[in-house]
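Chemist: Have a look at this one.
The values are calculated or read from the model by the stated rules, or taken from the named source; none is laboratory data. Remember, it's a predicted structure, so these values are computed and weren't measured experimentally. In this analysis, Cβ positions are derived from the backbone assuming ideal geometry, glycine residues included, and neighbour counts consider all displayed protein chains.
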Amino acid sequence: MKHGRPFAMSYKTPEAVKYREEFADYVRAEVAKQNWTLVPNKTRHFYIDTVFYFPATNLDANNYFKVMLDAITDTQLIWLDDNVTCERVQAIYYDQKNPRMEITIRPVDYIGVFDDAPQMEAFVSNCIGCTRYARNCSILRQAKEGRIQEEIADGVCAKFKPRKN
């Protein structure tokens, strides 16, 4: 109970805690080895493409993501919080001799509500001529954060007001 309400809390086994620490060390080494250059921020999302090679057929791939993503978050080298991850199971195989996971992490193409960087840049270039832009436009900021807004439809901001020269 917390503040008079039921509160759920996950329990990590000592084995899971040890795995998390060892996996975080592995991630640090791979980031250095692969010369990962992206600077973590709060809005960039990532695809986590994973192929599982389980030692038995009764295992659940979804149960493996939490500890793995928490370990990567602990490093603060790829993302700041795992709420920016898009986990995708690409395949599940069974290999009793060499169970493992093969993980590929890559940034998504979309940025906020925009399909890609050119679409966002086109939207921003239009914003520059708006009176709201100079005041740190909340519509633009929220669009970059991925927030859906009524003010933006078909890539056009309904609140656009041309700046006077």
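Chemist: Restricting to region 36-61, and then to whatever is charged (D, E, K, R) and more than 14 Å from I111 (Cβ to Cβ), can you tell me which residue is surrounded by the fewest Cβ atoms within 10 Å (Cβ to Cβ)?
Modeler: Among residues in region 36-61 that are charged (D, E, K, R) and more than 14 Å from I111 (Cβ to Cβ), the one surrounded by the fewest Cβ atoms within 10 Å (Cβ to Cβ) is D60.
A quick yes/no check of all residues on (1) assigned by TED's automatic domain parsing to the domain that holds W36; (2) part of a loop (DSSP other than H, G, I, E, B); (3) more than 12 Å from the chain's Cα centre (by Cα); (4) polar (S, T, N, Q):
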| residue | (1), (2), (3), (4) |
| --- | --- |
| Y47 | yes, no, no, no |
| F52 | yes, no, yes, no |
| A56 | yes, yes, yes, no |
| M68 | yes, no, yes, no |
| T73 | yes, no, no, yes |
| L80 | yes, yes, no, no |
| N83 | yes, no, no, yes |
| M101 | yes, no, yes, no |
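Chemist: Counting just the residues of region 63-102 that are aliphatic (A, V, I, L, M) and surrounded by fewer than 16 Cβ atoms within 10 Å (Cβ to Cβ), which one comes out farthest from V17 (Cα to Cα)?
Modeler: Initially, region 63-102 is screened for residues aliphatic (A, V, I, L, M), giving 67-69, 71-72, 77-78, 80, 84, 89, 91-92, 101.
With the extra rule that they be surrounded by fewer than 16 Cβ atoms within 10 Å (Cβ to Cβ), the set shrinks to 80, 89, 91-92, 101.
Values: L80: 19, V89: 23, A91: 26, I92: 24, M101: 18 Å.
My answer is A91.
Chemist: Could you grab the pairs with beta carbons closer than 8 Å, sequence gap of 6+ or different chains, first residue in region 1-20 and within 13 Å of K66 (Cβ to Cβ), second one surrounded by 11 or more Cβ atoms within 10 Å (Cβ to Cβ) and aliphatic (A, V, I, L, M)?
Modeler: Going by the 8 Å Cβ cut-off, the qualifying pairs are K12/V67; A16/V67; Y19/V67; Y19/A71; R20/V67; R20/A71.
Chemist: Please specify each residue of region 1-37 satisfying the condition of being in a loop (DSSP other than H, G, I, E, B) and at pLDDT 90 or above.
Modeler: Residues satisfying the conditions are Q34, N35, W36, T37.
Chemist: What residue, among those in region 128-143 that are surrounded by fewer than 16 Cβ atoms within 10 Å (Cβ to Cβ) and not β-branched (V, I, T), is nearest to R163 (Cα to Cα)?
Modeler: Among them, the one singled out is G129.
Chemist: From T104, T57, grab the single residue that is under 30 Å from W36 (Cα atoms) and hydroxyl-bearing (S, T, Y).
Modeler: T104
Chemist: Something else about it: I'd like the residue in region 141-165 that is touching an Asp or Glu at 6+ places or on another chain (Cβ under 8 Å) and touching a residue at least 12 places away in the same chain (Cβ under 8 Å) and, out of all such residues, is farthest from C127 (Cα to Cα). Steps first, please.
Modeler: Residues of region 141-165 touching an Asp or Glu at 6+ places or on another chain (Cβ under 8 Å): 157-159.
If we keep only those that are touching a residue at least 12 places away in the same chain (Cβ under 8 Å) as well, we get 157, 159.
Working: C157: 8, K159: 10 Å.
Per the criteria, the residue is K159.
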